[in-house]
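K.L.:
Quick one: the structure is below, and I'll ask about it shortly.
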Amino acid sequence: GVNKMDMTDPPYSETRFEEIKKEVSSYIKKIGYNTASVAFVPISGWHGDNMLEPSPKTPWYKGWKVERKDGNADGKTLIEALDAILPPSRPTDKALRLPLQDVYKIGGIGTVPVGRVETGILKPGMLVTFAPAALTTEVKSVEMHHEALTEALPGDNVGFNVKNISVKELRRGYVAGDSKNQPPRGAADFTAQVIVLNHPGQISNGYTPVLDCHTAHIACKFAEIKEKCDRRTGKTTEENPKSIKSGDAAIVMLQPTK
């Protein structure tokens, strides 16, 4: 939704809407989105224009249309665009990964880590391993919104009670997984595709930004910039570049500092 259309000069300006649409489309295209699959709706949240019903104040607006592999869609309002968003698939067939958001000590119950299941299934009775600490324990119970669950699926925000582990041994950012099915492990280093959206100056080997991954928040060093690549095709454009800058995409080996 392109909001505050009532504040443009003149109000509900088609020219301003098209400017915003062009600018945002250019930006999201750079980071790999297909702009044909993104709906743009001129709205005024304050006045309700094009939110639930088409507005007479934007007679120039003929509606939105999206094209995607799973089926095209079109409409005129923001609510229709929201309803047309396809729900993400729930990857229950993959190994369990549950990044911890927090860990609580609850009287009479014990240690209760909480977080969202990203992949796989969490069940009471399972043996889980926490990475990178390599701690393994049994899940005694799983709850969501104060109700006991027989299993938690991807997308569920849950708390689960674990045996014989103190609150001090776990922390936000750790990842829980099934001990018997590809348990997670801490990595000394990893290779990632990095897109530089906006950065003053050049980035070279040794640069150490803070990386946020799920609930983890940790400094990671650019150990080796391996190659520059095209953002859309992924094809290599330069091997072992000395540096990268705003607008570049690169394959980089990163080393967590802890």
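The values are calculated or read from the model by the stated rules, or taken from the named source; none is laboratory data. Since we're looking at a predicted model, the values are computed, not measured. Using ideal geometry, Cβ is built from the backbone for each residue, glycine included, and neighbour counts are taken over all protein chains shown.
K.L.:
Among the strands (runs of 3 or more DSSP E) contained in region 62-161, which hold 3 or more residues that are of a type in the set (A, V, I, L, M) and either touching a residue at least 40 places away in the same chain (Cβ under 8 Å) or closer than 27 Å to Arg185 by Cα (or both)?
P.N.:
Values: elements: 64-66, 73-75, 98-106, 110-116, 127-131, 135-144.
Passing ranges, in order: 98-106, 127-131, 135-144.
K.L.:
Take the residues in region 94-130 that are out of contact with any Phe, Trp or Tyr (no Cβ under 9 Å at 6 or more places or on another chain) and among the polar types (S, T, N, Q); name whichever of them is nearest to Arg171 (Cα to Cα).
P.N.:
My answer is Gln101.
K.L.:
Quick one: which strands (runs of 3 or more DSSP E) sit completely within region 164-245 and have at least 2 residues that are free of Cβ contacts under 8 Å to residues at least 40 places away in the same chain? I'd like the intermediate steps shown before the answer.
P.N.:
Working: elements: 175-178, 190-195, 210-213, 216-229, 236-239.
Qualifying strands (runs of 3 or more DSSP E): 210-213, 216-229, 236-239.
Yes/no matrix, rows are residues, columns are (1) in the same structural domain as Val158 (by the TED database); (2) under 19 Å from the mean Cα position of the chain (by Cα); (3) among the small types (Gly, Ala, Ser); (4) modelled with pLDDT of 95 or more:
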site: Tyr33; (1), (2), (3), (4): no, yes, no, no
site: Phe40; (1), (2), (3), (4): no, no, no, yes
site: Gly45; (1), (2), (3), (4): no, no, yes, yes
site: Gly71; (1), (2), (3), (4): no, no, yes, no
site: Arg90; (1), (2), (3), (4): no, yes, no, no
site: Gln101; (1), (2), (3), (4): yes, yes, no, yes
site: Tyr104; (1), (2), (3), (4): yes, no, no, yes
site: Gly125; (1), (2), (3), (4): yes, no, yes, yes
site: Ala133; (1), (2), (3), (4): yes, no, yes, no
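K.L.:
Here is a check on your reading of the model: is Asp9 on the phi < 0 side of the Ramachandran plot and in a loop (DSSP other than H, G, I, E, B)?
P.N.:
On the way: on the phi < 0 side of the Ramachandran plot: yes; in a loop (DSSP other than H, G, I, E, B): yes.
Judged against the criteria, Asp9 is a match.
K.L.:
Turning to a different aspect of this structure: Could you go through region 140-159 and let me know if any residue there is hydrophobic (A, V, I, L, M, F, W, C), at pLDDT below 95 and surrounded by fewer than 13 Cβ atoms within 10 Å (Cβ to Cβ). Walk me through how you get there before you give the answer.
P.N.:
First, the residues of region 140-159 that are hydrophobic (A, V, I, L, M, F, W, C): 142, 144, 148-149, 152-153, 158.
Filter once more, keeping what is at pLDDT below 95: none.
No, region 140-159 contains no residue that is hydrophobic (A, V, I, L, M, F, W, C), at pLDDT below 95 and surrounded by fewer than 13 Cβ atoms within 10 Å (Cβ to Cβ).
K.L.:
Could I ask something else about it? Given the conditions (1) under 20 Å from the mean Cα position of the chain (by Cα); (2) modelled with pLDDT of 95 or more; (3) not basic (Lys, Arg), which single one is not true for Leu86?
P.N.:
(2)
K.L.:
Taking Asp178 as meeting all but one of (1) of a type in the set (D, E, K, R); (2) farther than 19 Å from Gly120 by Cβ; (3) surrounded by 17 or more Cβ atoms within 10 Å (Cβ to Cβ), write down the number of the exception.
P.N.:
(2)
K.L.:
Related question: Of Val139, Val117, which residue is more than 23 Å from the chain's Cα centre (by Cα), in the same structural domain as Lys168 (by the TED database) and either within 24 Å of Asp93 (Cβ to Cβ) or polar (S, T, N, Q) (or both)? Reasoning before the result, please.
P.N.:
Details: Val117 fails: more than 23 Å from the chain's Cα centre (by Cα).
Just a single option satisfies the conditions, and that option is Val139.
K.L.:
So, in region 1-15, exactly how many residues are of a type in the set (Val, Ile, Thr) and more than 22 Å from Ile85 (Cβ to Cβ)?
P.N.:
Start the filter on region 1-15 by keeping residues that are of a type in the set (Val, Ile, Thr), which leaves 2, 8, 15.
Next cut, more than 22 Å from Ile85 (Cβ to Cβ) only: 8, 15.
Total satisfying the criteria: 2.
K.L.:
Continuing with this model, one more query. For region 214-231, indicate whether the set of residues that are within 30 Å of Leu153 (Cβ to Cβ), surrounded by 15 or more Cβ atoms within 10 Å (Cβ to Cβ), aliphatic (A, V, I, L, M) and in contact with a strand residue (DSSP E or B) (Cβ under 9 Å, 6 or more places away or on another chain) is non-empty. Let's see the steps before the verdict.
P.N.:
Initially, region 214-231 is screened for residues within 30 Å of Leu153 (Cβ to Cβ), giving 214-218.
Narrowing further to those that are surrounded by 15 or more Cβ atoms within 10 Å (Cβ to Cβ): 214-216.
From what is left, the residues that are aliphatic (A, V, I, L, M) are 216.
Then drop every residue that is not in contact with a strand residue (DSSP E or B) (Cβ under 9 Å, 6 or more places away or on another chain), which leaves 216.
The answer is yes; a qualifying residue exists.
K.L.:
Filter region 115-139 for residues that are in contact with a helix residue (DSSP H, G or I) (Cβ under 7 Å, 6 or more places away or on another chain) and crowded, with 16+ Cβ neighbours inside 10 Å and give the result. Walk me through how you get there before you give the answer.
P.N.:
At the first step, the residues of region 115-139 found to be in contact with a helix residue (DSSP H, G or I) (Cβ under 7 Å, 6 or more places away or on another chain) are 133, 135.
Scanning region 115-139 gives a single hit, Leu135.
K.L.:
Of the residues Thr58, Thr92, only one is β-branched (Val, Ile, Thr) and loosely packed, with under 14 Cβ neighbours inside 10 Å; which? Even if it seems obvious, please write down each step before you answer.
P.N.:
On the way: Thr58 fails: loosely packed, with under 14 Cβ neighbours inside 10 Å.
From the options Thr58, Thr92, the qualifying one is Thr92.
K.L.:
Across region 195-210, what is the total count of residues that are surrounded by 12 or more Cβ atoms within 10 Å (Cβ to Cβ), modelled with pLDDT of 95 or more and either within 26 Å of Gln101 (Cα to Cα) or within 19 Å of the chain's Cα centre (by Cα) (or both)? Quick ask: steps written out before the conclusion?
P.N.:
Initially, region 195-210 is screened for residues surrounded by 12 or more Cβ atoms within 10 Å (Cβ to Cβ), giving 195-196, 199, 202-205, 207-209.
Checking which are modelled with pLDDT of 95 or more leaves us with 202-205, 207-209.
From the residues that got through so far, the ones that are either within 26 Å of Gln101 (Cα to Cα) or within 19 Å of the chain's Cα centre (by Cα) (or both) too are 208-209.
Selection size over region 195-210: 2.
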